[in-house]
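One structure below.
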2 protein chains.
Amino acid sequence: MLLAQVEGFLEVARRGNVSRAAEAMFVTQPTLTARLHALERELGEPLFARTRRGMRLTDAGRAFLPYAERAMRAVRDGRQALTDARSASAGRLVLGAAPAVSTYVLPALLQRFAAAYPRIEVAVRTGHSEDVLQMLLREEVQLAMVRTMRHPDIESIPLYEEALVLVVPPGHPFAKRSTVGIADVASERLIFFDRTSSYYELTQSFFLSLGVTPREVMELDNIESAKKMVERRLGIALLPRTAVSGELAAKTLTQVAVTDAPAMSQKIVVIRRRDQGRPSGTVAAFLNLVRESDPAAV
Amino acid sequence: MLLAQVEGFLEVARRGNVSRAAEAMFVTQPTLTARLHALERELGEPLFARTRRGMRLTDAGRAFLPYAERAMRAVRDGRQALTDARSASAGRLVLGAAPAVSTYVLPALLQRFAAAYPRIEVAVRTGHSEDVLQMLLREEVQLAMVRTMRHPDIESIPLYEEALVLVVPPGHPFAKRSTVGIADVASERLIFFDRTSSYYELTQSFFLSLGVTPREVMELDNIESAKKMVERRLGIALLPRTAVSGELAAKTLTQVAVTDAPAMSQKIVVIRRRDQGRPSGTVAAFLNLVRESDPAAV
DNA sequence: GTCATTGATCGAAACCCTCGATGCTTGACT
DNA sequence: AGTCAAGCATCGAGGGTTTCGATCAATGAC
């Protein structure tokens, strides 16, 4: 069954006249007649009663009419949905994100995204990078923003480099000095967060590689609490720069440069399944927005 | 766009494998591949990502999927609706009927019809024959059961011949006589019904043609009331036989034969629009039932 | 390595869709 | 009464598309 046949059926039913309907559909009258005959043959029932004045629906035609309309509408809407998706003027985007990304980077990104594509529905699933990777592999999310990871089935697009910066409360002795050494840091009370996350391993191995043993005094399971602890002068912390930009601007925390240590950072990337072909629709829209902006400049 | 393409898309989406889907659809794998390519070309977007393990939906494919399903369901349901209509196993039938038919003949007919086709919905519109004819011409009803009428756009199927019989109350002088003459009838108080209906003209012209002037004493606008008047001994009446069969059986009314007058009757027919092609579905079902039964034998 | 499985590709034959021209019927108008 | 216009059906030709069997290329399993 050709959709053109169904379409012809509807047009003729509407106009009650093959010639006019054919003209409206930009085909000749014999063509449309043939389509109707083919459709009637396939359905095994005359859909029209031929009269001198034109075509009238038979009972069977009347019975079929609503279904034909429904089918055409479905296809038309389907085409529109694809067009919308292609232009990313509508659709749905499901993102996965590591906690630090979800909390400190995504909001500004999504604000701009929502402004650019107001009709796209966005959902965010947060979890540690490994968990988010699993979501991606299970296709529960279309894109994920996590630290650099390796997996044969995914490809990565660099997003930004997230630096870990040393923050101290205002009035802390370090705050007055322009720079401090790593030994100075290790002698302070340090606040860490989330032993299960990659940050923990990263900071630990950082100190170990420098032959310094940090005096750990406190470990929180989230960054927000860690910041509060520092503000309450319970210690100092190495935190993602994106996570403390607000406090630094409000001067409730102070950043201190460490001179004799390499910059500590990890790359944040966007990952997607390699087998999904080239990005399209909402996914492509998000990737474009990401590419043309600097997510860390928040 | 071929429906076969949409169907193939759904089958492949379901199975994630062109070869299996092709087998299930009884076509070769290259055929199905070609259908998918054609569909993707028409929609201007890859619907599948080709992987080593088979076919995976792209985002676009996922977006199109529900619409494809909707379209296929609509067509499938449409086919089913036609099948139902053809076998008359379901559907709707709208009948028009003259009052006497509607009240005294249709109930038994519809009882049998409902038993034979329990899933057909039946609606009855009652009116004088002329009004019902108009309903038919306006396609408000599919069939009409009325007295014989002429109109270029309708065709008639004989239903039954309805005799007008003379009924008197039990104990009436006529009841004891085996037969009465027309002159006897004219001298009695006569009860007529419904001046606007064809019965009135028929009975009036009947008397006039015999050179008899009836003593009209009462005119009701419905048969049921007329019967009650006769039962209450306010007169005698010429009524459709089908309308008094119950009372004759219950002996609350008595039929009297008139010897010297021709039998008075009118033909009741089923009419339908001539331009509707051959009857199908629910209409054909009803006509078949009518044909194989004697509606007057109620 | 070899084999099985996957979808893509190819060439030939069949199919059918589309078109312009024409036929046929019927109602309207002179 | 006869012509005309308007309606759909039919026909034959041409062109495109679909379908098939065979084959290819890539890749993962054993």
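The values are calculated or read from the model by the stated rules, or taken from the named source; none is laboratory data. Please read all numbers here as calculations on a predicted model, not as lab measurements. FYI the Cβ positions are ideal-geometry reconstructions off the backbone, even for glycines, and counts take in every protein chain you see.
Assorted remarks:
- B:T51 fulfils the conditions (1) over 21 Å from A:L137 (Cβ atoms); (2) touching a helix residue (DSSP H, G or I) at 6+ places or on another chain (Cβ under 6 Å) except for a single criterion, (1).
- Check on A:A34, more than 9 Å from every other protein chain (Cβ to nearest Cβ) and on the phi < 0 side of the Ramachandran plot: yes
- The single condition among (1) more than 12 Å from the chain's Cα centre (by Cα); (2) touching a residue at least 60 places away in the same chain (Cβ under 8 Å) that B:P118 does not meet is (2).
- Residues satisfying the stated conditions in segment A:83-97, i.e. buried (at least 21 other Cβ atoms within 10 Å of the Cβ) and at the interface with chain B (Cβ under 8 Å from one of its Cβ atoms): A:A85, A:G91
- B:T252 meets all of the listed conditions (1) modelled with pLDDT under 85; (2) under 30 Å from B:L110 (Cα atoms); (3) assigned to a loop (DSSP other than H, G, I, E, B) but one, namely (1).
- Checked against (1) within 20 Å of B:L289 (Cα to Cα); (2) surrounded by 18 or more Cβ atoms within 10 Å (Cβ to Cβ), B:T103 meets all criteria but (2).
- Filtered by the rule that a residue be hydrophobic (A, V, I, L, M, F, W, C) and buried (at least 19 other Cβ atoms within 10 Å of the Cβ), segment A:155-181 gives A:L159, A:L164, A:V165, A:L166, A:V167, A:V168, A:F174, A:V180.
- Close pairs from segment A:69-81: first more than 7 Å from chain B (Cβ to nearest Cβ), partner crowded, with 17+ Cβ neighbours inside 10 Å and small (G, A, S), Cβ under 7 Å, at least 6 apart: none
- Within segment B:165-204, the only residue that satisfies the criterion of being over 23 Å from B:I268 (Cβ atoms), outside any loop (DSSP other than H, G, I, E, B) and of a type in the set (D, E) is B:D184.
- Filtered residues of segment B:137-162 (kept if farther than 18 Å from B:N288 by Cα and touching an Asp or Glu at 6+ places or on another chain (Cβ under 9 Å)): B:L137, B:R147, B:M149, B:D153
- Among (1) within 16 Å of DNA strand C (Cβ to nearest atom); (2) more than 14 Å from chain B (Cβ to nearest Cβ), the one test that A:V146 misses: (1)
- Condition broken by A:I268, with the remaining ones in (1) under 32 Å from the mean Cα position of the chain (by Cα); (2) over 26 Å from A:R112 (Cα atoms) satisfied: (2)
- Meets criteria (at pLDDT 80 or above, surrounded by 15 or more Cβ atoms within 10 Å (Cβ to Cβ) and in a strand (DSSP E or B)) for A:F207: no
- Counting only residues that are away from DNA strand C (no atom under 11 Å from the Cβ) and either within 14 Å of chain B (Cβ to nearest Cβ) or more than 22 Å from A:R76 (Cα to Cα) (or both), segment A:1-17 holds 6 of them.
- Of the residues A:T254, A:T259, the single one that is polar (S, T, N, Q) and more than 20 Å from A:L208 (Cα to Cα) is A:T254.
- Counting only residues that are over 19 Å from A:N17 (Cβ atoms) and either in contact (Cβ under 8 Å) with a residue 12 or more places away in the chain or more than 9 Å from chain B (Cβ to nearest Cβ) (or both), segment A:39-52 holds 4 of them.
- Look at segment B:53-66: where a residue is within 7 Å of chain A (Cβ to nearest Cβ) and a partner is surrounded by fewer than 24 Cβ atoms within 10 Å (Cβ to Cβ) and part of a strand (DSSP E or B), sitting 6+ places away or on another chain with Cβ atoms under 6 Å, you get B:R56/B:A49; B:T58/B:A49.
- Per this entry, A:V244 is counted among residues that are away from chain B (no Cβ under 14 Å), surrounded by 17 or more Cβ atoms within 10 Å (Cβ to Cβ) and modelled with pLDDT of 90 or more.
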